[in-house]
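These notes are about the structure you will find just below.
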Amino acid sequence: MNYQEALNYILSFTDFEKLPPSYWSREFDLRRMDEFLERLGNPHLAPRSVLVAGSKGKGSTAAMIASALSAAGYRTGLYTSPHLHTFRERIRIGGELIGEEELAAVTDRLKPEVEAVNLRHAYGELTTFEILTTMAFTYFRDKGVDFQVLEVGLGGRLDATNVIRPEVSVITSISMEHAEILGNSLEQIAREKAGIIKPGAVVVSSPQRSEAAEAIRSVCLEKGARAIVAGRDISWRKLASDINGQTFEVKGKAGSYNLTIPLLGDHQLENAAAAVAALEVLGVDAENIAQGLATVRWPGRLEILCQSPIFLVDGAHNHESARRLKDALKHNLDFDRLILILGVSSDKDMAGIVQELAALSSFAIVTRSRHPRALEPQLLLEELEKQGVKGEIAKSVSVAVERALQMAGRKDLICATGSLFVVAEAREYIKKIPVEVYPQ
C-alpha cells in the first residue's frame, strides 16, 4: 500500500481523538495490546524506555528528554500525539519524521496481525491509537533505537503506551480533564496517571496540587517506587527571557546546570526541570543536557510565527493551560492590543478558557477548526460576550487569521489558541504548509 492507503487503513478503526467523550468506551483493555505485540515479537521491549504522562506539558517534556538523549549520542525515538500537520510527526527518530514509504511499509507488516487480533476478538478490537502506538514500537525496533521516549495518550493506567518497562516515568502537571473516563476528582485522575508507575521503578513528578501529589505518593508507596519531586528534590530559577527563549539554572540531585531553551513561558521551566531530573536518572551528563534543551523544537506552544504584528499560537485547551498562556503573554511580550483567534473542542472547558483569556483582550475572532469535535462558534462568542469581550465569527481558521492580520497594528499581538487543531490550521495558513487529507 502507499502512504494515503496506509492512513486510510489506520483511520478506519475506532479513533477516540475524533469522537466526543460520550462515545468513548470504558473498556480499555491492555490485554489486546499484549496479544498484538506478542504476535510481532514484542518490539516494545527492545529499546530502553521513558514514559511521560500528565495533563499539561507532557509533549514538551518528552521532546526535551529525547533531544538531550540524541545530543548524548543515543539513537532516540520519540512518539507523541496528536500531530499538527501530518501523522508522521507522531513517530520520529532524532528529530526526523518517519517517511511516507516507511509508514506504509510498517502498516503493511502490521495489517495481517491487526486482522488476526480483531478476528479473535478476545479483548475487543484494536483502536487507531493502539495501532499507531504499535507502529512506533515496531519502527523503533527495526531502526535499532537505543531509547524510545513515549508520550501517554489518555490517562496512563490503561493507555496503549503503558505496556513498556520504562527506566524512568515522568508525570507532569495534572489538572481536571476527561472526567468521563479518568474520574471526577483530581485524586482519581492522578491515580489514573500514576498507573504508569512500575514496581521498584523511578518516577519524576512535576509540582502538583496537594490531592494529586498525595495520590502519586500513595501509588509510589504501594509499588515501592522511588519518587523524585520537582520543587523538592530539584529546583530551578529563571535568569532571563526574551521572545527567542529563556535562560535558567537548575539544581538537580547530580549537579547544577545553566541552561537555555527556545521555548517561552514559566511552565516550560517546570517541564525542563522534570526533564533534567529524568535525564540524571538515565546518566546523561551536563553538557548533553544543555545541548539537548538548547536545540529542542516543539512547535505550536507559545510559538511566534511572525512579528510586526506579533502572531503567536499556543495549544492551550483547558482552564489551567489558558491561565499559563495569559501569564506568559503578560510577562514575556510587549504589545498594544491583543486580538484573540479562539476555537475550542466541544469536550473542553470553554468557560474556563474564556475566563482566563478575557482578562487580556477586548476583541476576539471566534472560529472552528476542521476537526469533528470543534465547538460551534456561536456558543463561544456568547461566552466571550458574558465576559465583556466583543467579537465576531469567522467561518474557518484561515479566514480568522486573514481578518486578524487586516485589523492588527504593527505593535499589536494576535494570538490563535483554544486547541492544537486551531494552532495547526493557523500555522498552515501563515507558513503555507500543505494540508494532509484524511478520510471522513
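The values are calculated or read from the model by the stated rules, or taken from the named source; none is laboratory data. Just so it is clear, the model here is predicted, and its values are computed rather than measured. Cβ sites come from the backbone with ideal geometry, for glycine too, and all protein chains shown count toward neighbours.
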Q: Name the one entry in Val276, Val296 that is part of a loop (DSSP other than H, G, I, E, B) and modelled with pLDDT of 95 or more.
A: Val296
Q: Name the helices (runs of 4 or more DSSP H) wholly inside the stretch 309-413 in which the number of residues that are within 30 Å of Pro439 (Cα to Cα) and touching a strand residue (DSSP E or B) at 6+ places or on another chain (Cβ under 8 Å) is 3 or more.
A: 377-386, 397-407
(Q) Suppose the filter is on the phi > 0 side of the Ramachandran plot and part of a loop (DSSP other than H, G, I, E, B); does Gly283 pass it? (A) yes
Q. Within the stretch 73-91, which residues are in contact with a Leu (Cβ under 7 Å, 6 or more places away or on another chain) and charged (D, E, K, R)?
A. Arg88, Glu89, Arg90
Q: For Leu342, work out the one condition from (1) within 25 Å of Pro372 (Cβ to Cβ); (2) modelled with pLDDT of 95 or more; (3) out of contact with any helix residue (DSSP H, G or I) (no Cβ under 7 Å at 6 or more places or on another chain); (4) not charged (D, E, K, R) it doesn't fulfil.
A: (3)
